[in-house]
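Before any comments, here is the structure.
The values are calculated or read from the model by the stated rules, or taken from the named source; none is laboratory data. From a predicted model like this one, the values you see are computed outputs, not experimental measurements. Here Cβ is always computed from backbone atoms with ideal geometry, including for glycine, and neighbour counts include all displayed protein chains.
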């Protein structure tokens, strides 16, 4: 049956169908969203809780532990990590993919409600949760500055005007506001004046709460009218709070202003941020896991003009960084690469055929296949990203291959004297089964990638599906449109330079190449055992090179964004940390490659500690700087190492980031130890060992060196004699040092706090405890009458992983080292240490998924080989011939791995994709040879040796054409330049290297293996025939 005949005989209908595909594809292309990489949602929720003044250890035991216990009962929880710092706790929950995040959100709220009875009563608000994207970095950062307004006023504007409106933009997950606190009334107690008046801070606490009251008072109902009762119980400014009466005696009133200074300030004075070195309020916007980054940022940008109209005239809103700038540039570069690939591949057809009709037929195949593929991509909800565009680029060689096989056979029939229509009908009938076999077996190569689950499977899925769809569509077009064009236009279009000197030279070169190949093929067929030995050597060499070649996860990209973490000594004061951070920012801004720098310090949530800062360094576009992002990191670290008192860690942000706890390095692992006391020692020991390795650098840990802690030792007997309760001692200490929120101010646009604390000059030394007084039976007593203090140490932060104390160590891969080599060195270093049996090591983020990809890769390749064998066995009704076709694969593997090794390119996920592509490309060569040889044996009664020799010579031209087309299709990828080049190069290098070696070997080994397996099959058949019948 000739499937192509109906389309050859109905050119108008075929043309209209092709036109419909083209129009649909063009419309779909305009609707496809743009993204850097495929969306790989990792369901996650973060729970925030605060208890001002509580130490990290107290937050871990009283807040994090009850929450973890309740949250750990939620079905589908994959990982629970809490981070506790002074007064703040953040609990991050990672869930198994599947249910909608809203299902998990309801369960999280129910768990929070269940934990409430076990949480401290001193917490100013209930814990709350937000949807969280652990793999997301800020997609956009904004800065608010003003020459006339204070940072507190600017923060209030951001909190009341910007926060809600930005959060409403589709795709926005979180809007983080940094650099200040909300406005608050701050009461700074004069504890000695209070004691002289016979009062303590507890009296102030109660007086303020009693004086600032807002509650419903009811309604007076008359016969004809009703009145709502309202009292002026709400105090809204520092002036009003100063007049609060604390005590009256003999007509004299003791007001709050007599024993305290009351000012309008901010709720938290230990927060700061800067934009390019200038104090600012910074806003960091992150997207949800399933949101498109381009659409999200466009939504924010569209809102900015309206936001500027809502801001006071003196407030300037500026964009610090926009992640979509490099994303758009990367996608634009690969689109140019796609166009170059199409032109190169069509040049191959013109070069070999030198006829306009074959060139047109091949040229039509490419846009039609791409248009149909884009339409299916839109239907499947895919995006135009680096992976899908890589698939479209590399598939150009595949889609033209199908057309080349069809066109070459039709041209051969036409050269033998048949008319255009006859040549198309005969050629399509002869080669149709071959095209179907090639197409089906090629799609099967990518089947394991499409069925693979998990995060790695999600990463492969879009690429594999895009390529599979393109192959299926190109196969259909090669069987329909391509023979129709050849049949109706063959002979009507001019021959392109057929009689020119260049054309004659190409003809002579081809003939000489064919003659040389024929002679060398005869030699190979005469020395079959030597060819079989070379095949066995190729298989062994493939295994050796796979083990030898350095491994990586995803090629490191130059995203133009550097993330930096700074760390000062654990006992650093806020004012000194602020000065040190400013010096670091000033040094960074001196680098000519740096465009903007945003910085923040202070404990805004459980993710931060007092001695650490974070910076986002936006580099200038690649065209405006001479150094790569990695080179800029090395330049900056060399300069910043000279600043005493602070250490800076840096790494280049990547588009593909799968979470993990980072403290300054790109990769990380957790050290879990049930003993919090032993955790710091173990982590320090591992960190010290890693610093001796040359494979890793930029090593840091979240186990901050313990800060000095003041432990108040209460003399319970003395307290009992003097009538001082333990609760009273805790209360006065909390009132003095915890920045405690003791009341709320409710206004139309927001709510504000009333903060109680001692003056700044009385909270800087343990000696200041002598100014604290506590209520006794005979009036206020100095705290020293019932307690004394001792110096101790305590961690600046406490981390839990699945309920157990954990520390995180981060690192970068040293220059000239692959990720696989670095992780192997880290594992070996840890294994060499005499660690307690209770200590567990758990890699996270990209390091974790790299190790999973390394373990999955051999299984994927094996699954692909089995799938190919099964399909080919079904198509050829043979158990032997599929092995002949599969014998072409080892040489391709050798070439790909050797090319990666020679160029110093690690074998990454992109390189593995290249190997899968090679499996499809070189398998075509085997199919064309075996298919022709089998037909020659059946139809022309040739011997196997004659048939395979004829097949090699007859299919030499299409094999060379398809291989050259595939190689030229990969050439722009191998030599890619511009944004995102690091992601494209490994694919091109692997494909070109594999094709070169494969062409040099398989044209000789495949026919020898065909003869060996055919002889084996026939000998087995003869033995079975001689067995006696039962």
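Output the residue which, of all residues in region 769-787 that are surrounded by 13 or more Cβ atoms within 10 Å (Cβ to Cβ) and over 18 Å from residue 196 (Cβ atoms), is modelled with the lowest pLDDT. Selected residue: 769. Within the option set 167, 226, 197, 202, being within 48 Å of the chain's Cα centre (by Cα) and surrounded by fewer than 20 Cβ atoms within 10 Å (Cβ to Cβ) holds for one residue only, 167. Restricting attention to region 578-593, report how many residues are touching a helix residue (DSSP H, G or I) at 6+ places or on another chain (Cβ under 8 Å) and surrounded by 20 or more Cβ atoms within 10 Å (Cβ to Cβ). Residues in region 578-593 being touching a helix residue (DSSP H, G or I) at 6+ places or on another chain (Cβ under 8 Å) and surrounded by 20 or more Cβ atoms within 10 Å (Cβ to Cβ): 3 in total. Looking at region 937-959, is at least one residue outside any helix (DSSP H, G or I), in contact (Cβ under 8 Å) with a residue 24 or more places away in the chain, surrounded by 23 or more Cβ atoms within 10 Å (Cβ to Cβ) and in the same structural domain as residue 526 (by TED's automatic domain parsing)? Scanning region 937-959 turns up at least one residue that is outside any helix (DSSP H, G or I), in contact (Cβ under 8 Å) with a residue 24 or more places away in the chain, surrounded by 23 or more Cβ atoms within 10 Å (Cβ to Cβ) and in the same structural domain as residue 526 (by TED's automatic domain parsing). Just one of (1) in contact with a strand residue (DSSP E or B) (Cβ under 8 Å, 6 or more places away or on another chain); (2) assigned to a loop (DSSP other than H, G, I, E, B) fails for residue 215. It is (1).
Might you check whether a residue that is touching a strand residue (DSSP E or B) at 6+ places or on another chain (Cβ under 6 Å), assigned by TED's automatic domain parsing to the domain that holds residue 654 and at positive phi occurs anywhere in region 805-825? The answer is no; no qualifying residue exists.
Can you confirm whether region 635-656 contains a residue that is more than 22 Å from the chain's Cα centre (by Cα), at pLDDT below 85 and not in a loop (DSSP other than H, G, I, E, B)? No, region 635-656 has no match at all. Within region 229-247, the residues that satisfy the criterion of being surrounded by fewer than 18 Cβ atoms within 10 Å (Cβ to Cβ) and not in a loop (DSSP other than H, G, I, E, B) are 239, 240, 245, 247.
None of 599, 564, 575, 520 is modelled with pLDDT of 80 or more, surrounded by fewer than 13 Cβ atoms within 10 Å (Cβ to Cβ) and closer than 29 Å to residue 52 by Cα except 575. What do you reckon, is residue 680 in a helix (DSSP H, G or I) and either at pLDDT 85 or above or at positive phi (or both)? Judged against the criteria, residue 680 is not a match. Select, from 257, 274, the only residue that is surrounded by fewer than 19 Cβ atoms within 10 Å (Cβ to Cβ) and either under 30 Å from residue 164 (Cβ atoms) or modelled with pLDDT of 85 or more (or both). Among 257, 274, only 257 is surrounded by fewer than 19 Cβ atoms within 10 Å (Cβ to Cβ) and either under 30 Å from residue 164 (Cβ atoms) or modelled with pLDDT of 85 or more (or both). Scanning region 621-632 for residues that are in contact with a strand residue (DSSP E or B) (Cβ under 8 Å, 6 or more places away or on another chain) and either assigned to a strand (DSSP E or B) or surrounded by fewer than 21 Cβ atoms within 10 Å (Cβ to Cβ) (or both) yields 625, 630.
Under the condition of being touching a helix residue (DSSP H, G or I) at 6+ places or on another chain (Cβ under 8 Å) and closer than 22 Å to residue 272 by Cβ, the residues counted in region 610-641 number 7. I'd like to check something: does region 602-620 contain any residue that is outside the structural domain of residue 332 (by TED's automatic domain parsing), over 25 Å from residue 703 (Cβ atoms), outside any strand (DSSP E or B) and modelled with pLDDT of 85 or more? The answer is yes; a qualifying residue exists. Scanning for something part of a loop (DSSP other than H, G, I, E, B), surrounded by 14 or more Cβ atoms within 10 Å (Cβ to Cβ) and in the same structural domain as residue 839 (by TED's automatic domain parsing), does region 723-743 turn up at least one residue? No. Taking the condition more than 24 Å from residue 403 (Cα to Cα), buried (at least 24 other Cβ atoms within 10 Å of the Cβ) and under 28 Å from the mean Cα position of the chain (by Cα), does residue 910 pass? Yes, satisfied.
Quick check: is even one residue across region 457-471 assigned by TED's automatic domain parsing to the domain that holds residue 391, closer than 25 Å to residue 411 by Cβ and assigned to a helix (DSSP H, G or I)?
Keep residues of region 457-471 that are assigned by TED's automatic domain parsing to the domain that holds residue 391, which gives 457-471.
Subset that is closer than 25 Å to residue 411 by Cβ: 470-471.
If we keep only those that are assigned to a helix (DSSP H, G or I) as well, we get 470-471.
Yes, region 457-471 contains at least one residue that is assigned by TED's automatic domain parsing to the domain that holds residue 391, closer than 25 Å to residue 411 by Cβ and assigned to a helix (DSSP H, G or I).
Limited to region 744-758, what total is found for residues that are modelled with pLDDT of 80 or more and surrounded by fewer than 18 Cβ atoms within 10 Å (Cβ to Cβ)? Can you show your working first?
Within region 744-758, the first condition is being modelled with pLDDT of 80 or more, and the residues that meet it are 744-747, 751-758.
Filter again for surrounded by fewer than 18 Cβ atoms within 10 Å (Cβ to Cβ), leaving 744, 746-747, 751.
Total meeting the criteria: 4.
Selection of strands (runs of 3 or more DSSP E) fully inside region 786-865 by the criterion of at least 1 residues being within 17 Å of residue 671 (Cα to Cα) and more than 22 Å from the chain's Cα centre (by Cα) returns 798-801, 804-813, 840-844.
Condition check ((1) modelled with pLDDT of 85 or more; (2) in the same structural domain as residue 802 (by TED's automatic domain parsing); (3) farther than 30 Å from residue 383 by Cα) across all residues:
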site	(1), (2), (3)
15	yes, no, no
22	yes, no, no
35	no, no, no
38	no, no, no
68	yes, no, yes
73	yes, no, yes
81	yes, no, yes
85	no, no, yes
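In region 706-718, is there at least one residue being more than 30 Å from residue 778 (Cα to Cα), crowded, with 19+ Cβ neighbours inside 10 Å and in contact (Cβ under 8 Å) with a residue 12 or more places away in the chain? Yes - at least one qualifying residue is present in region 706-718.
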